[in-house]
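Let me begin by presenting the structure, written as structure tokens, before commenting on it.
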Amino acid sequence: MDIASLAIQLISGAVGGVGAGKVMPKFSLGTAGNAIAGLLGGGVGGQILSMVTGAAAAGGGGMDIGSILGGVASSGVGGGVLMVVIGLVKSAMKKT
């Protein structure tokens, strides 16, 4: 993995986390919290996708448009999902 791929994953994850927070305000952690959760989810989501698809092992993961779009999509979704999971845990903890 190169630094450009990691940057794309982190930025996409942050955008996904903030976007998920706007769409589901009940689970929002605030803009900064959503972005931080998105960063983490984007990095993890991008890594999982590259392991599952074998992109790194096959020498893929280059800077062609397909790999960029795949990284953006997986990292954005990963960031949004992690933000929602953290929001659900936070909501559950408030109820008790």
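The values are calculated or read from the model by the stated rules, or taken from the named source; none is laboratory data. Please read all numbers here as calculations on a predicted model, not as lab measurements. Cβ sites come from the backbone with ideal geometry, for glycine too, and all protein chains shown count toward neighbours.
Taking the criterion of being closer than 23 Å to Ile68 by Cβ and not in a helix (DSSP H, G or I), would at least one residue in region 38-55 satisfy it? Yes: region 38-55 contains one or more residues that are closer than 23 Å to Ile68 by Cβ and not in a helix (DSSP H, G or I).
The numbered conditions (1) modelled with pLDDT of 90 or more; (2) part of a helix (DSSP H, G or I) are all true for Leu29 except (2). For beta carbons closer than 9 Å, sequence separation of 6+ or different chains, a first residue in region 51-75 that is at pLDDT below 60 and a second that is among the acidic types (Asp, Glu), the qualifying pairs are Gly61/Asp2.
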